[in-house]
Amino acid sequence: MNAPEPVLRHLTDLGLDRTQTVYYNLSPARLVELSVRRGEGRLTDGGPLATRTDPHTGRSPNDRFIVKEPSSEGDVAWGNTNRPISEEAFDGLLGAMKRYATGRDVFVRDCYAGADPRYRVKVRVITEKAWHSMFAYNMFIQPETDEELEDFEPDYTVLDLCDFKATEAIAGELNSSTFVTLHLGRGLVLIGGTNYAGEIKKSIFSALNYVLPAQGVLPMHCSANEAEGGGNVAVFFGLSGTGKTTLSADASRVLIGDDEHGWGDEGVFNFEGGCYAKAIRLSPEGEPEIFATTHEFGTLAENVALRPDRTIDFDDATITENTRLSYPISFIPNASADGMGGVPETVVFLTADAFGVLPPISKLTPEQAMYHFLSGYTAKVAGTERGVTEPKATFSACFGEPFMVLPPTRYAEMLGERIEKSGARVFLVNTGWTGGPYGTGNRMKLAWTRRMVNAALAGELDDVETTTEPVFGLQVPAAVEGVPSEVLQPRQTWDDASAYDAKAEQLAGMFADNFEKYRENASEAIRQAGPTREVA
């Protein structure tokens, strides 16, 4: 459809009034057609559009910046996560992007972030690639009527000119020709130098992490689902690759969302309208609901390997381990119609422990919950970020530090308040390695993890006998129906118990060292909730 006059005025205000053609809110069919015609992607056997983003096959965290400006400067937690950039440098980038856009086509999509109308923000995504506009169609919430678009005034605008690269003359404050810059005061995001579509949605997630706490809503890097018919809501925290999407896409439960949510007084709500699932080694046996989307027109298959007959080889990591599927959440048959649920009864922290030390499931006290939320231990899975080629131990506060704009303790305090008020049970689940560290042990079987998680959600573990894990003080169930008892005790899965002890001591030391930056502002109860054994 033709762009409405207010949209064209906004483009003019941004300095984008000399573009060639403005494509506005095109349908998936038109976007796929244009993507193929423009050489941006190829249709696969089964329906999805396959695209490639190399050399950027993951986020570029070192190229993410927030503009240091008066309205937000005092609130932002500046540092390695939130790198500052001046308004002068930001304006220089914007000016160069305006010149680059002259004579080029742009795709504009107006949409929402936030399923709850009380808290949603209006988002305008402007891209030079048709498939990026389709990504925005899949991942954000689409207006239901034309009337909603007539006077659409965005709260945040994302300008993604992916093939534009910053030069040294205009990039003096940047780290490379790639950039993701967020101006909180103007509600404007500039992205360039990368085709990786995930930067679009994560830039808006960062914005929500800034605006929603002031409204009493805890923004969370988590998936969420609920029982059929409603109730028994569960949220799953975890970084990419820990199983948020996989474990929340359960045929026996209703999927609220797979990656980003808010927790307000009334309950939880999805920020997104779609899912962005990892596709490497995807199988119909392990993840049937997600696998089914690979036979749907409208799915985007990012960085997957194609066979000569255009079928997808999900086991091929030639391009990257971080292969992705983007699809509307409606493609999941048991997805929530409105993206909203009640107050969570269960909170699950997911970690991919590359050391093979943590139990596959353990119960946390409220103090332990706060300790592990602030710690955010996991492993960066290969391909999720540039330069990561194998799992690497990392600590990411709130299980999402790359997107947290405010100090992590602010989000931790809000979660603590939510857990106390709701009485939610909290579990730590290790989806990583067992029987040894990465390279020696094996990845935890998905079937076992599903059984343990389902037991936790069903209340089977509420009163079960537990043993205290000696290093971290975790309460480990003595038995979970359907799971071998020795799997529950990680030390028993190692051939060399002394090697396990040494690795556990090493990991405990890493936890302690990482927590030092929070110790001063943490209560004594939270300080005591970490590793209980002195590290040699």
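The values are calculated or read from the model by the stated rules, or taken from the named source; none is laboratory data. This structure is a prediction, so every number in the text was calculated from the model and none was measured. Methodologically, a virtual Cβ is constructed for each residue, glycine included, from the backbone with ideal geometry; neighbour enumeration extends over all protein chains shown. Side chains included, ligands, DNA and RNA excluded: accessible areas come from the protein's heavy atoms. Shrake-Rupley method; radii C 1.70, N 1.55, O 1.52, S 1.80 Å.
A few comments on the model shown:
- Verdict on Thr12 being closer than 15 Å to Arg104 by Cα and in a helix (DSSP H, G or I): yes
- Filtered residues of the stretch 236-271 (kept if open to solvent by 10 Å² or more (accessible area, probe 1.4 Å), under 19 Å from Leu208 (Cβ atoms) and assigned to a loop (DSSP other than H, G, I, E, B)): Leu239, Ser240, Asp259, Asp265, Glu266
Yes/no per residue for (1) among the basic types (Lys, Arg); (2) under 27 Å from the mean Cα position of the chain (by Cα); (3) over 30 Å from Gly172 (Cα atoms); (4) open to solvent by 10 Å² or more (accessible area, probe 1.4 Å):
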{"site": "Glu33", "(1), (2), (3), (4)": "no, no, yes, yes"}
{"site": "Glu40", "(1), (2), (3), (4)": "no, yes, yes, yes"}
{"site": "Leu43", "(1), (2), (3), (4)": "no, yes, yes, yes"}
{"site": "Thr81", "(1), (2), (3), (4)": "no, yes, no, yes"}
{"site": "Asp91", "(1), (2), (3), (4)": "no, no, no, yes"}
{"site": "Tyr100", "(1), (2), (3), (4)": "no, no, no, yes"}
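- Test result for Ala504, touching a residue at least 60 places away in the same chain (Cβ under 8 Å), part of a loop (DSSP other than H, G, I, E, B) and crowded, with 16+ Cβ neighbours inside 10 Å: no
- Conditions (1) within 27 Å of Phe373 (Cβ to Cβ); (2) more than 22 Å from the chain's Cα centre (by Cα): number failed by Ser223: (2)
- Condition check for Arg42: part of a strand (DSSP E or B) and either of a type outside the set (Asp, Glu) or at pLDDT below 95 (or both): yes
- Those residues of the stretch 51-68 which are open to solvent by less than 10 Å² (accessible area, probe 1.4 Å) and either more than 19 Å from Phe205 (Cα to Cα) or touching a Cys at 6+ places or on another chain (Cβ under 8 Å) (or both), in sequence order: Thr51, Thr53
- Residue list for the stretch 338-368, restricted to those being closer than 27 Å to Glu228 by Cβ and either of a type in the set (S, T, N, Q) or at pLDDT below 95 (or both): Thr346
- Out of Glu73, Glu33, sole residue that is free of Cβ contacts under 8 Å to residues at least 40 places away in the same chain and in a helix (DSSP H, G or I): Glu33
- Count of the stretch 395-420 residues which are touching a residue at least 24 places away in the same chain (Cβ under 8 Å) and either charged (D, E, K, R) or outside any helix (DSSP H, G or I) (or both): 11
- Members of the stretch 460-480 that are without any contact (Cβ under 8 Å) to a residue 40 or more places away in the chain and touching a helix residue (DSSP H, G or I) at 6+ places or on another chain (Cβ under 7 Å): Ala479
- Selection of the stretch 112-129 for residues being touching a strand residue (DSSP E or B) at 6+ places or on another chain (Cβ under 7 Å) and surrounded by fewer than 24 Cβ atoms within 10 Å (Cβ to Cβ) yields Tyr112, Asp116, Tyr119, Arg120, Val121, Lys122, Arg124, Glu128.
- Any chance Pro407 is open to solvent by 10 Å² or more (accessible area, probe 1.4 Å), at pLDDT 85 or above and in contact with a Pro (Cβ under 6 Å, 6 or more places away or on another chain): no
- Scanning the stretch 428-449 turns up no residue that is free of Cβ contacts under 8 Å to residues at least 24 places away in the same chain and within 23 Å of Leu218 (Cα to Cα).
- From the options Glu481, Glu465, Glu469, residue that is of a type in the set (Asp, Glu) and either touching a Ser or Thr at 6+ places or on another chain (Cβ under 8 Å) or surrounded by 13 or more Cβ atoms within 10 Å (Cβ to Cβ) (or both): Glu469
- Any chance Val22 is within 24 Å of Tyr196 (Cα to Cα), surrounded by 13 or more Cβ atoms within 10 Å (Cβ to Cβ) and either free of Cβ contacts under 8 Å to residues at least 40 places away in the same chain or among the acidic types (Asp, Glu) (or both): no
- Tally, over the stretch 83-140, of residues that are of a type in the set (Lys, Arg) and within 30 Å of Gly264 (Cα to Cα): 6
- Test: residue in the stretch 218-227 that is of a type in the set (Ser, Thr, Tyr) and open to solvent by 10 Å² or more (accessible area, probe 1.4 Å): no
- Residue match in the stretch 276-283 (condition: over 23 Å from Trp433 (Cα atoms) and either surrounded by 24 or more Cβ atoms within 10 Å (Cβ to Cβ) or in contact (Cβ under 8 Å) with a residue 12 or more places away in the chain (or both)): yes
- Any hit, the stretch 350-357, residues being of a type outside the set (A, V, I, L, M) and within 21 Å of the chain's Cα centre (by Cα): yes
- Output for the stretch 172-185, where each listed residue is touching a residue at least 24 places away in the same chain (Cβ under 8 Å) and either open to solvent by 10 Å² or more (accessible area, probe 1.4 Å) or assigned to a strand (DSSP E or B) (or both): Gly172, Glu173, Leu174, Asn175, Ser176, Phe179, Val180, Thr181, Leu182, His183, Leu184, Gly185
- Conditions (1) under 11 Å from the mean Cα position of the chain (by Cα); (2) at pLDDT 95 or above: number failed by Asp258: (2)
- Qualifying residue in the stretch 293-316 (condition: open to solvent by 10 Å² or more (accessible area, probe 1.4 Å), part of a strand (DSSP E or B) and of a type in the set (Val, Ile, Thr)): yes
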